[in-house]
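A short write-up of the structure that comes next.
Laboratory data are not the source of any read-out in this text; all were calculated from the coordinates shown. As the structure is a prediction and not an experimental result, all values here were calculated from the model. Cβ coordinates were reconstructed from backbone atoms using ideal geometry, including for glycine residues, and neighbour counts include every protein chain displayed.
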Amino acid sequence: MLNSRPISRRNVLRGLGAAVCLPFLESLAPRALAATVSAAGAAAGKRPVRMAVVYMANGVNVSKWVPQGFGRDFELSPTLSPLAPLKNDLLVLTELTNRAAFGGDGHYVKSAGLLTGTTITKTTGKDIRAGGVSMDQLAAQRIGHLTPLPSLELGIEPVETGIDGNVGYTRLYSSHISWATPTTPVGKEINPRLAFDRLFRSNARAEGDNRSVLDLVGEQAKAVRSKVGGADRDKLDNYLESVRAVEKRIDFNNRQRAEEHKLSPEQLTAVEAMERRITEFVGHPDRQKLFGAGEAGHGGRRGILSTDHSEHVRLMLDMMVLAFWSDSTRVATFMFGNAVSGRNFSFLEGVRGGHHEISHHKNEARNLEQYQKINQWHVGQYAYMLNRMKEIKDGPDGATLLDNSMVLFGSCMRDGNAHDPKNLPLLMAGKAGGTLATGRHLVYEKNTPLCNLYTSMLDRLGAPAPRFGDSTGPLAGLDDPTSGGTGVG
């Protein structure tokens, strides 16, 4: 890598068991590539577009969600207030509907079919069927060969098992929004250490190996640093410092967990290994013991593998940012929680109880107030991720990582009390390489297909699908800065 040959974009820093992809550094690009990137408007030189889907369970308090006004003349609602500094990077999308989720009671039809635009098969066993491939996995199949990881799936809560007797569905459906085939959900990684290792290690971490990946690639990092210009040197330093900062936070949390449960480093390593096996094998008998009811079910007890929820979420969001920054993948999904998540949000001032229970607010003022606070907390974490992406320069034209991305946030139902899949609460941030005209509230005709949005996103990602689910074509108005009124689509 460090000989006189031009260093390709796909090269990585390699060490003993480590593989750290580099962000785009103009002075390391082949001369022809640098020329096309620098040429104004040269399509061949544009930075790649990345796509993330950030999923929140249990719907929203509608009265505190909807902005006032439309088009560019709109004001953010109380729930969306954490996004105020990012308003010009945002699209609020109103009146998009997942028609395939009309049938079936409860959450499962809405959540498992959110990204497929199809109706899941009702079953109480393991013969689950979503009816189609999810849009993120369709993208991974078409452009995944361009990056080390075709896609990245992250979450917080482990796979649910058992049967929801209220609606007659297996709880397996609650844990997945990504589907590689109609019958194959894509497992999500919930352990920050294992997610980090997936991004930055070329093979499994040896037992007891707590060395930093940057120590493993230190000599190559120094050699690369000596070959780049001043601006690229600053970019490289910033990137490597960010990788190390995330790694340190993971190490700190793991030490806290070990001290809390009086575990030796070897025992913690063994627990993490079992965590991976449990995630992969949902029927493991030790699952409740290790995760605790608060992680594996809907109670509040903490297990060995639990950690501070806010920090856990932010570590996972930071992992997605690092993955996009290094172009390790261009497709990612994140689940704040499983469908019917009973996550206890009593850590928020004025909230007492679990997410799902509070979402069934019965139109009671106290429940609605707590529901809105939970929604606003989720929007705040989304804003945290977007701000991180906006801080990162992505290419020589002054664009940021957020400018070259699409980050969709939303829930599979509008109101958790009504389980309504119409007019979903959806936000899109980023300009998708200049193809999205942001800073607007777009209000579409009632029941405009959600899949029209997916068709438009896939096209911008370079994985076009003229028809997807019940789409009738691309979603109108996304690139037109003058549109935004009722019926724009």
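Tabulated data for the structure shown
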quantity	calculated
Karplus-derived HN-Hα couplings along the range 472-483 (A = 6.51, B = -1.76, C = 1.60, θ = phi - 60°), whole Hz, x at Gly and Pro	10, x, x, 6, 6, x, 5, 9, 9, x, 8, 8
Three-way shape label, the range 66-150, alpha-carbon gyration tensor, a/c 1.5	oblate
Shape of the range 441-485, Cα gyration tensor, a/c cut at 1.5	oblate
Rounded Å value of the spacing that divides the Cα centres of the range 325-378 and the range 391-427	16 Å
Whichever lysines have a C-alpha closer than 29 Å to that of Lys422, once near sequence neighbours (fewer than 8 apart) are set aside	Lys64, Lys87, Lys110, Lys122, Lys126, Lys188, Lys362, Lys373, Lys431, Lys446
Gyration tensor (alpha-carbon) shape descriptor, the range 92-235, a/c threshold 1.5	prolate
FRET efficiency for Glu445 and Gln141, using Cβ-Cβ distance with R0 set to 41 Å, rounded to 0.05	0.85
For peptides 230-242, 132-144, sequence by mean Cβ density within 10 Å, most packed first	132-144, 230-242
Under the Karplus curve 6.51 cos²θ - 1.76 cosθ + 1.60, θ = phi - 60°, whole-Hz ³J(HN,Hα) for the range 127-136, x wherever Gly or Pro sits	7, 7, 8, 8, x, x, 8, 6, 5, 5
Exposure proxy ranking, count of Cβ atoms within 10 Å, fewest first, for Leu93, Leu115, Leu25, Leu199	Leu25, Leu199, Leu93, Leu115
